[in-house]
Amino acid sequence: MPFIVKKKISGNDYYYLRQSVRERGKVVSKCLAYLGKNRGEAEKKAKEIMKNIEKNQTILNVKSKKEKTETRIKKDFTPTEISIEELTKFCKSKGFVFRSSDIYGGFAGFWDFGPLGVELFKNIKEGWWNHFVYQKTNMVGIDASVISHPRTWKASGHLQSFKDIAVVCKKCKKATKIDASEEGKVRCECGGEYEKQGEFNLLFKTQVGALDTEEAYLRGETAQAMFMNFKLITQTSRMQLPFGIAQVGKCFRNEIAPRDFLFRSREFHIGEFEFFIHPEEKKCNLLTEQHLSTKFMFLDEETQLQGKNTLKEITIKELLSKKKLGEWHGYWLAEQIMWYRSIGLNEIKIREHTIKELSHYSTATFDIDYEYPFGSKELGGNANRGQYDLEQHQKESKESMEIFDEKTKKKVLPRVIEPTFGMERIFLAILTKAYYYDKKRGNIVLRIPAKLAPVKVSVFPIVKQPEYEKMATEIANDLGEEFNVAYDKRGSIGRRYARNDEIGTPYCVTIDGDSSKNKDTTIRDRDTTKQIRVKISELKEVLKKLIDGKIEFESAGKLIK
Ligand code: GAP
């Protein structure tokens with residue numbers, strides 16, 4: 001159990017959160033966090049940290065059970081490699097994603113989410129919001145307009161610097177884009193040299209108004225609205241440094257060569273938050289041992305400059321000691337890694353940006369990469385934006401962006417850490433990871449984590465007879481108050497199970513011959529095909545716990561042998 005310790009240094013009181021742990025047979029006391037100089041505040045901070053530790057412990061306990069199930073499942077399944085073209089076809093055939101304007105042959109770089117895709121995408125965005133906004137007391141959300149004052153983009157530097165270089169391969173004639181740092185250094189996959197076609201700004205232009213038209217831009221990132229609203233939020237939401245503003249929404253980039261399905265499109269969603277910190281606050285009081293010991297595969301700048309891409313396993317603590325980043329930056333990188341892992345994307349890697357690649361606003365950036373069917377590519381990022389954006393808006397608008405800091409009793413211009421997430425790229429990663437072909441069953445099984453699955457429960461009457469159908473519809477209606485439920489009475493029961501495996505429904509509920517007599521139903525588990533019997537009166541609660549990963553399937557009811 002962690003405890004608070006007061007230390008007197010040069011006559012001043014300093015509070016710390018410590019914990020006794022057993023190390024090599026000895027009990028030693030370890031510091032978990034610095035809590036500040038004031039007893040009352042220290043107790044408040046300690047409470048928050050301990051709440052987080054307890055929550056993480058519960059997650060870990062459930063996780064360790066889940067890991068056992070995972071290992072068992074891995075023996076029976078092998079993930080099926082799927083090319084991006086096959087995935088695009090699969091998504092169309094099941095109603096996940098369609099080409100935009102399909103009847104006109106599609107429109108490059110634009111996609112529509114179908115009935116299943118919209119649910120999966122909504123669950124990813126809601127899960128993100130729940131984790132980073134609802135579960136953090138230091139974060140608030142906004143939903144800003146897609147078109148903002150054109151001076152936004154002048155101030156942010158996007159009009160000047162948000163450019164890509166268009167190139168065409170001299171050999172295979174494929175068009176693509178490269179960054180300025182890659183000019184003259186990279187070749188096409190076919191080995192051909194690139195010919196430069198010109199530099200293009202990625203912002204989409206539009207016109208506002210009918211008579212006195214004004215040229216404006218669709219937003220290229222959501223971040224600028226967080227900077228522009230920063231001061232209003234401190235005034236209206238009573239937020240004090242350090243705190244964050246989060247947003248998830250549409251962004252538009254006129255990509256030179258949209259490709260790889262949703263991976264590089266012209267209209268997509270970014271989830272990101274700007275975390276504002278006192279410019280002199282270097283210590284992060286939320287950094288726990290769990291953050292520091294977070295391990296991941298890392299590709300550093302030095303290795304890349306030697307032309308290699310060898311990854312090394314490293315921890316946040318080691319990155320801090322190598323001075324690759326500061327404490328707040330490290331804290332948020334660890335938080336991002338933990339969230340990706342909580343939705344099953346365990347295979348993420350971190351890549352440090354080389355100095356030449358850094359965006360115009362960043363002094364240190366890390367990409368979070370994922371192994372897609374077309375290679376290891378960026379899923380999200382984490383940038384140290386410093387005071388760049390607030391300073392730029394201050395200059396352009398002539399409005400002070402400084403706020404009064406209660407602790408130091410001074411006006412300050414905060415610095416910013418920005419964790420960013422490509423929402424469609426997460427959607428793609430979830431789908432590629434979930435795609436299995438089960439030879440024994442003879443069908444695809446989409447092993448999407450239950451929390452994210454588009455349809456949570458499918459309810460079937462075993463046969464098309466009024467008494468079964470009546471019971472099944474009543475159950476489906478009741479469960480529908482809680483989850484996205486499907487009702488399916490068509491085809492053999494085997495075909496109905498297969499249909500649901502293919503769209504990732506984690507649980508199927510069947511009303512069978514015993515249901516009426518015993519007031520119970522069967523629940524079938526997508527991944528193991530095992531079945532249990534559960535009382536109808538308990539069904540909703542049991543399914544809720546299963547979906548939240550709070551109980552093991554086999555202990556949730558009477559196992560059918
Ligand atoms: N505010 C920081 C920012 O916008 P970014 O790396 O340019 O950073 C954020 O974009 C994330 O958006 C990327 O990490 C990536 O996952 C996603 N993204 C960028 N361009 C994209 C595109 N054309 N299509 C789909 N996702 C894209």
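The values are calculated or read from the model by the stated rules, or taken from the named source; none is laboratory data. Computed from a prediction, not measured in an experiment: that's the story for all the values here. Here Cβ is always computed from backbone atoms with ideal geometry, including for glycine, and neighbour counts include all displayed protein chains. These accessible areas exclude ligands, DNA and RNA; they are computed on the full protein's heavy atoms, side chains included. Shrake-Rupley method; radii C 1.70, N 1.55, O 1.52, S 1.80 Å.
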For K470, all conditions in the list (1) open to solvent by less than 30 Å² (accessible area, probe 1.4 Å); (2) free of Cβ contacts under 8 Å to residues at least 40 places away in the same chain hold save one; what is the number of the exception? (1)
Options V97, V168, V140, V133: the member that is touching a residue at least 24 places away in the same chain (Cβ under 8 Å), surrounded by 15 or more Cβ atoms within 10 Å (Cβ to Cβ) and touching a Ser or Thr at 6+ places or on another chain (Cβ under 6 Å): V140
Do you know which residues across the range 528-558 are touching a residue at least 40 places away in the same chain (Cβ under 8 Å) and among the hydroxyl-bearing types (S, T, Y)? T528, T529
Determine the pairs where a residue that is without any contact (Cβ under 8 Å) to a residue 60 or more places away in the chain, located within the range 220-238, has a partner that is away from the ligand (no atom under 11 Å from the Cβ) with Cβ atoms under 9 Å apart, the partner being 6 or more residues away or on another chain. Q235/I403
Which one of A166, A175, A180 is within 16 Å of the ligand (Cβ to nearest atom), more than 26 Å from F421 (Cβ to Cβ) and modelled with pLDDT under 90? A175
Residue count, the range 393-434 (criterion: among the aromatic types (F, W, Y) and modelled with pLDDT of 95 or more): 2
How many residues of the range 489-506 are assigned to a loop (DSSP other than H, G, I, E, B) and buried (at least 20 other Cβ atoms within 10 Å of the Cβ)? The answer is 3
Please work out if R151 is surrounded by 15 or more Cβ atoms within 10 Å (Cβ to Cβ) and at negative phi. no
Considering the range 228-265 alone, what residues qualify as being of a type in the set (K, R) and within 16 Å of the ligand (Cβ to nearest atom)? K250, R253, R259, R264
Selection within the range 511-530 - open to solvent by 30 Å² or more (accessible area, probe 1.4 Å) and either in contact with a helix residue (DSSP H, G or I) (Cβ under 7 Å, 6 or more places away or on another chain) or in a loop (DSSP other than H, G, I, E, B) (or both): G513, D514, S516, K519, T528, T529, K530
Tally, over the range 363-376, of residues that are touching a helix residue (DSSP H, G or I) at 6+ places or on another chain (Cβ under 8 Å) and either more than 27 Å from L287 (Cα to Cα) or touching a residue at least 40 places away in the same chain (Cβ under 8 Å) (or both): 6
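Quick grid of which residues meet (1) closer than 30 Å to C169 by Cα; (2) outside any helix (DSSP H, G or I); (3) open to solvent by 50 Å² or more (accessible area, probe 1.4 Å); (4) within 16 Å of the ligand (Cβ to nearest atom):
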position	(1), (2), (3), (4)
V186	yes, yes, yes, no
E195	yes, yes, yes, no
E199	yes, yes, yes, no
L203	yes, yes, no, yes
Q207	no, yes, yes, no
A210	no, yes, yes, no
A216	no, yes, no, no
M226	no, no, no, yes
Please tell me if K282 is within 30 Å of F404 (Cα to Cα) and open to solvent by 20 Å² or more (accessible area, probe 1.4 Å). yes
Cβ pairs under 8 Å, 6+ apart or interchain, first in the range 249-267 and β-branched (V, I, T), second more than 7 Å from the ligand (Cβ to nearest atom) and open to solvent by 40 Å² or more (accessible area, probe 1.4 Å), ordered by first then second residue, are I256/A175; I256/K177; I256/F200
Among the residues of the range 154-163, is there at least one that is free of Cβ contacts under 8 Å to residues at least 24 places away in the same chain and either of a type outside the set (S, T, Y) or under 25 Å from P419 (Cβ atoms) (or both)? no
Which of the numbered conditions does T408 fail, given that it passes all the others? Conditions: (1) touching a helix residue (DSSP H, G or I) at 6+ places or on another chain (Cβ under 8 Å); (2) part of a loop (DSSP other than H, G, I, E, B). (1)
Would you mind stating whether E406 is open to solvent by 30 Å² or more (accessible area, probe 1.4 Å), more than 13 Å from the ligand (Cβ to nearest atom) and farther than 21 Å from M139 by Cβ? no
Just checking, does the range 358-370 include any residue being in contact with a Leu (Cβ under 9 Å, 6 or more places away or on another chain) and in a helix (DSSP H, G or I)? no
Quick check: is even one residue across the range 377-397 within 22 Å of L311 (Cα to Cα), open to solvent by 40 Å² or more (accessible area, probe 1.4 Å) and outside any helix (DSSP H, G or I)? yes
I'm checking my understanding of the structure. Among residues of the range 315-332 that are charged (D, E, K, R), under 16 Å from K295 (Cβ atoms) and outside any helix (DSSP H, G or I), which one is farthest from the chain's Cα centre (by Cα)? K322
Identify, from the list D102, D76, the residue that is at pLDDT 95 or above and exposed (fewer than 15 other Cβ atoms within 10 Å of the Cβ). D102
For the range 333-356, pairs from a residue that is polar (S, T, N, Q) to a residue that is surrounded by 19 or more Cβ atoms within 10 Å (Cβ to Cβ), with Cβ under 7 Å and 6 or more apart or across chains, are Q336/I368; Q336/G380; Q336/N382; Q336/P419
Could you grab me the full set of residues in the range 376-392 that are away from the ligand (no atom under 14 Å from the Cβ) and either of a type in the set (S, T, Y) or touching an Asp or Glu at 6+ places or on another chain (Cβ under 9 Å) (or both)? L390
Which members of the range 290-321 meet the condition of being out of contact with any Leu (no Cβ under 8 Å at 6 or more places or on another chain), open to solvent by 40 Å² or more (accessible area, probe 1.4 Å) and without any contact (Cβ under 8 Å) to a residue 12 or more places away in the chain? E302, Q306, G307, K308, E318, S321
For residues that are in a loop (DSSP other than H, G, I, E, B) and closer than 24 Å to F204 by Cα, scanning just the range 98-137, find the one that is nearest to the ligand (Cβ to nearest atom). G109
